[in-house]
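To start, the structure itself, in structure tokens.
The values are calculated or read from the model by the stated rules, or taken from the named source; none is laboratory data. Since we're looking at a predicted model, the values are computed, not measured. Cβ atoms come from the backbone with ideal geometry, glycine included; neighbour counts cover every protein chain shown. Heavy atoms of the whole protein, side chains included, go into the accessibility calculation; ligands, DNA and RNA do not. Shrake-Rupley method; radii C 1.70, N 1.55, O 1.52, S 1.80 Å.
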Amino acid sequence: MSHPGDPEHTVRLAAETAMDAMAARLRRVVRLRDVAPILEAEALREARRLAELLPGEDDLAVHHLLGWFHWFRHQAIVVRTDPGPGPERDRERDQPDLRLAVHSLTASFLAGEEHLPEPLLPLLAENAAGYAARLIPELKESNDPARISCAAQLWRRIVDTVPAGHPQRPVHLTALGNVLRITSRRGGPPADLDDAIDRFREALSAVSEGPGRAMYLYNLGEALYTRFDRTGAIEDLESAVTLLGEAALATPDEGIYRALVLTGLAGALRARYERTGAPRDLDGSIARYREVVSMFPADHPGRIESLSRLGNALRLRFERTGRTEDLNAAVQAGRQAVEAAPGDHPDRAVHLNDLGDALVARFDHAGDTADRDGALTAWSEASASAASTVSLRIRAGLSAARLLAKTGEAERAARAADEAVRLMAAADVGHRDRPLAGPRP
């Protein structure tokens, strides 16, 4: 606590005096409906004293007072110097007081302040969008629900403020949709995903044909595919396939973004194959995954995931057609995925499980014991992976136990099953996707 005579107390008193003086001056303008008080020379001196308080503990209040001061001055100066209709009117935007008002009141807009000049709201929203956009990459890694919720509220305000027809409105709608997708992934209500889809749909409807349209097509298609995955609504899947197909056609033939679009399309086509059994969908999925694998650099994380998905799709086609070349290609893709994933890769156990599945399928088909041994090795490593989730480790252990039992190795099968049971018992109910310690010696 500061006391009279302390430097801190002196600074605090000066701040309160400056803010009180400016607040009183602004009240006079409003009460008298006369801008004369903010045109006085002393008014500018008070504004300078107020600006000297930045940064400080009263930043928001200071910005709010300065914003209104400069907004009133801008209005007064424009009225006094208004040349009438014509090109000269465009000079209004070059007024320094207008720029200062927008700069200061943007802080108030970001903070959720409601009492702001109505004519400035679209400009404040545009200014705020620049700050809000920089938060989105951080939100993708955040586990703070309050922070994500605040970001969603801010983007809602920006979208609600920017008028229809504004050239940046589709961009802002997309940003809001992306934040709502984040809240949905973090366990938010289903309405968040529905709202995101509505925002993506509005954004798409507001953009014309052109290279940039692919992004809007992809965002809506991928969100609809996600909702299908949750609800099983086939109409969402059909729309997702159509939109992602259009996005692929509108995307240049190279680059990581095209790989992202093709990955989404491949997944949607495979999902539709699993629902309808149409062979062309599975063929299309495999073709897209192959293209994606060829587009990524050898050490790119996306290549590992794409190899694993390609192997799974090829194995699925083998189950339908019995074509040995598909099964061989599935094993090769699975091996490449495992080889590319380092030992501490969070999804290495996933790829090991997939490789084991492909190898045991080939063992069942051709009877080569090397494939059986390879499957057991893959599942053993996956089961022992301390970095993996418990559910994946249990799955790997049970797969190994079943294969060992089927091939007559009862003792080894029992040990593998016992280890899987131990993992089940050790896992907390409701937290089965936590990593646990490796198996006992």
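Quick notes on this structure:
- Test result for ARG395, part of a helix (DSSP H, G or I), open to solvent by 40 Å² or more (accessible area, probe 1.4 Å), under 18 Å from ARG270 (Cα atoms) and touching a helix residue (DSSP H, G or I) at 6+ places or on another chain (Cβ under 7 Å): no
- Inspection of the stretch 51-68 identifies at least one residue that is open to solvent by 40 Å² or more (accessible area, probe 1.4 Å), assigned to a helix (DSSP H, G or I), of a type outside the set (A, V, I, L, M) and at pLDDT below 90.
- Verdict on ARG415 being among the basic types (Lys, Arg), assigned to a helix (DSSP H, G or I) and more than 30 Å from the chain's Cα centre (by Cα): yes
- On the stretch given as the stretch 223-244, residues that are small (Gly, Ala, Ser), under 18 Å from GLY284 (Cβ atoms) and free of Cβ contacts under 8 Å to residues at least 24 places away in the same chain total 1.
- Checking each residue in the stretch 182-191 for being over 21 Å from GLY112 (Cα atoms) and open to solvent by 10 Å² or more (accessible area, probe 1.4 Å) picks out ARG185, ARG186, GLY187, GLY188, PRO189, PRO190, ALA191.
- Listing of helices (runs of 4 or more DSSP H) fully contained in the stretch 98-177 that carry 2 or more residues being open to solvent by 60 Å² or more (accessible area, probe 1.4 Å) and not polar (S, T, N, Q): 136-140, 145-161
- Subset of the stretch 192-203 [touching a residue at least 12 places away in the same chain (Cβ under 8 Å) and open to solvent by 20 Å² or more (accessible area, probe 1.4 Å)]: ASP192, ASP194, ASP195, ARG199, ARG201, GLU202
- Cβ pairs under 7 Å, 6+ apart, first in the stretch 5-34 and closer than 14 Å to GLU52 by Cβ, second open to solvent by 90 Å² or more (accessible area, probe 1.4 Å) and in a helix (DSSP H, G or I): ALA18/ARG49
- Restricting attention to the stretch 327-362, the residues that are crowded, with 19+ Cβ neighbours inside 10 Å and free of Cβ contacts under 8 Å to residues at least 24 places away in the same chain total 1.
- The set of residues from the stretch 379-392 being polar (S, T, N, Q) and open to solvent by 10 Å² or more (accessible area, probe 1.4 Å) comprises SER380, SER383, SER385, THR389, SER391.
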